[in-house]
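The values are calculated or read from the model by the stated rules, or taken from the named source; none is laboratory data. Quick caveat, the model's predicted, so the values are computed rather than measured. Positions of Cβ are backbone-derived with ideal geometry, glycine not excepted, and every protein chain shown enters the neighbour counts. Areas reflect the complete protein model, heavy atoms only, side chains present, ligands, DNA and RNA absent. Shrake-Rupley method; radii C 1.70, N 1.55, O 1.52, S 1.80 Å.
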Amino acid sequence: MQRESLRLLIDMLSSATFETERMKEEAGKGNSTATELADTLVRDYGLPFRTAHNIVGRAVSKGSLTLETLEASAKELELGISLSGKGLTQDQIDKALDVVHSVEVRKATGGPAPFATKIAIADRKKLLDTDSAFIDERLAKIAKAKEDLLSDARRLVA
């Protein structure tokens, strides 16, 4: 059963087509990259993690992620900081919110960056080869045991 399921999955994926432009378009909706903006505030502007995420979260609730809404959110939180004063620009915000950028910076193991996924795919292919060899070996042993059992049964009946 596992082998048939695996074959079905392989055939399905090898014949699937993906509308990558539409996928990219949809991926950027719903503030899906807001976390990267907060992470950028931490990484590039030295904000504490919780502070950056609170600012971005407030801006999201305002309906947009612009320098203006981020500044207003920081002011509401009474943090005494100016993001533009730290050098943040709308271009940097837009870059952080870009889907491609957001994916590419996540290079850690298990991350979605192309580099990380290539490594994960190679590792999974090695595991698949090992598992396939194990299954083939087990199936051969089962077939041999069945053959031996039938041979013994025939000998007993004769």
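When region 51-107 is filtered for residues that are in contact with a Ser or Thr (Cβ under 9 Å, 6 or more places away or on another chain), under 29 Å from Arg22 (Cα atoms), among the polar types (S, T, N, Q) and free of Cβ contacts under 8 Å to residues at least 40 places away in the same chain, the ones remaining, listed by number, are Ser61, Gln90.
When you look at Glu21, is it assigned to a helix (DSSP H, G or I) and surrounded by fewer than 11 Cβ atoms within 10 Å (Cβ to Cβ), yes or no? Spelling it out, Glu21 is indeed assigned to a helix (DSSP H, G or I) and surrounded by fewer than 11 Cβ atoms within 10 Å (Cβ to Cβ).
This table checks each residue for (1) outside any helix (DSSP H, G or I); (2) over 25 Å from Gln2 (Cβ atoms).
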{"residue": "Glu78", "(1), (2)": "yes, yes"}
{"residue": "Val103", "(1), (2)": "no, yes"}
{"residue": "Thr109", "(1), (2)": "yes, yes"}
{"residue": "Ala116", "(1), (2)": "no, yes"}
{"residue": "Asp136", "(1), (2)": "no, no"}
{"residue": "Leu139", "(1), (2)": "no, no"}
{"residue": "Ile142", "(1), (2)": "no, no"}
{"residue": "Leu150", "(1), (2)": "no, no"}
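In region 124-135 there is no residue that is open to solvent by less than 70 Å² (accessible area, probe 1.4 Å) and modelled with pLDDT under 90. The residues on offer are Arg58, Arg43, and the sole one that is of a type in the set (Lys, Arg) and within 30 Å of Pro114 (Cα to Cα) is Arg43. For region 64-86, enumerate the residues that are closer than 17 Å to Asp98 by Cα and either touching a Cys at 6+ places or on another chain (Cβ under 7 Å) or surrounded by fewer than 16 Cβ atoms within 10 Å (Cβ to Cβ) (or both). Ser64, Thr66 - these are the residues of region 64-86 that are closer than 17 Å to Asp98 by Cα and either touching a Cys at 6+ places or on another chain (Cβ under 7 Å) or surrounded by fewer than 16 Cβ atoms within 10 Å (Cβ to Cβ) (or both).
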